[in-house]
Amino acid sequence: HHNNDAAKKTREDKLYISTRKIADKLGVPYDPVKAVTEQEFAQQVEQLFHIYHWHWAHFRPAMTSDGWRTPVSGMVKGFPDYVAVRNDRLIIAELKSEAGKLSEEQQEWLDKLRDCGKAGMGLEVYLWRPSDYESIVTILR
């Protein structure tokens with residue numbers, strides 16, 4: 001088990017070094033927050049859901065012979081990444097990398113869900129980016 005941790009740390013260090021080298025080559029400052037991919041960020045958020053005992057779901061597409069598909073019915077295009085429940089709280093969150101852009105459908109879903117939240121339905125709707133990590137911890141705690 002210890003060797004696995006060491007190997008993981010080595011991989012993380014190599015990832016850090018490679019993104020640092022790319023930044024240096026481009027002559028731009030290295031920003032570890034901006035270097036986090038949406039997938040890595042999702043793993044961090046999922047860990048927080050687990051640590052703080054949230055009941056959560058994530059709907060992710062899978063590659064099929066017809067291309068990427070999410071096997072869910074309804075108006076699913078643009079539906080937010082996560083639904084999480086704990087006690088009397090319901091959180092809906094869309095995750096994006098620092099540079100990630102919302103599609104029109106994603107923005108429409110977030111707007112409609114935020115309207116429900118404003119109507120006093122106890123719904124919290126978020127667009128989270130890696131730079132929001134500290135506030136995410138506070139929200140989920």
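Can you list residues whose amide H is under 5 Å from Leu90's amide H, if they're 5+ apart or on another chain and H is modeled 1.01 Å from N?
Amide H neighbours of Leu90, under 5 Å, 5+ apart: Glu124.
Going by amide H atoms built from the backbone, whose H comes under 5 Å of the H on Glu98, apart from near neighbours?
Those lying under 5 Å, H to H, from Glu98: there are none.
Taking θ = phi - 60°, what integer Hz values does the Karplus form 6.51 cos²θ - 1.76 cosθ + 1.60 yield along the stretch 116-121, in sequence order, with x for Gly and Pro?
Per-residue couplings from phi come out as 4, x, 5, 7, x, 8 Hz.
How big is the Kirkwood radius of the stretch 39-114, worked out from every pair of different alpha carbons and given in Å to one decimal? Walk me through the numbers before you get to the answer.
Working: mean 1/r = 0.0726 Å⁻¹.
One over the average 1/r among Cα pairs gives 13.8 Å for the stretch 39-114.
Output ³J(HN,Hα) for the stretch 65-70: one whole-Hz value per residue in order, computed from phi by the Karplus curve 6.51 cos²θ - 1.76 cosθ + 1.60 with θ = phi - 60°, and x for Gly and Pro.
Residue by residue, the stretch 65-70 yields 5, 9, x, 6, 9, 10 Hz.
Return the sequence-ordered ³J(HN,Hα) values of the stretch 131-141 in whole Hz as given by the Karplus equation 6.51 cos²θ - 1.76 cosθ + 1.60 applied to θ = phi - 60°, using x for Gly and Pro.
With coefficients 6.51, -1.76 and 1.60, one gets 5, 8, 3, 4, 5, 4, 4, 4, 5, 7, 4 Hz.
Rolling a 1.4 Å sphere over the protein heavy atoms, what is the accessible area per residue of the stretch 59-141, to the nearest Å²?
Per residue, the stretch 59-141 has 64 Å² of solvent-accessible surface.
The values are calculated or read from the model by the stated rules, or taken from the named source; none is laboratory data. What you see is a predicted model; the values in this text were computed from it and never measured. Note: areas computed on protein heavy atoms with side chains; ligands, DNA, RNA excluded. Shrake-Rupley method; radii C 1.70, N 1.55, O 1.52, S 1.80 Å.
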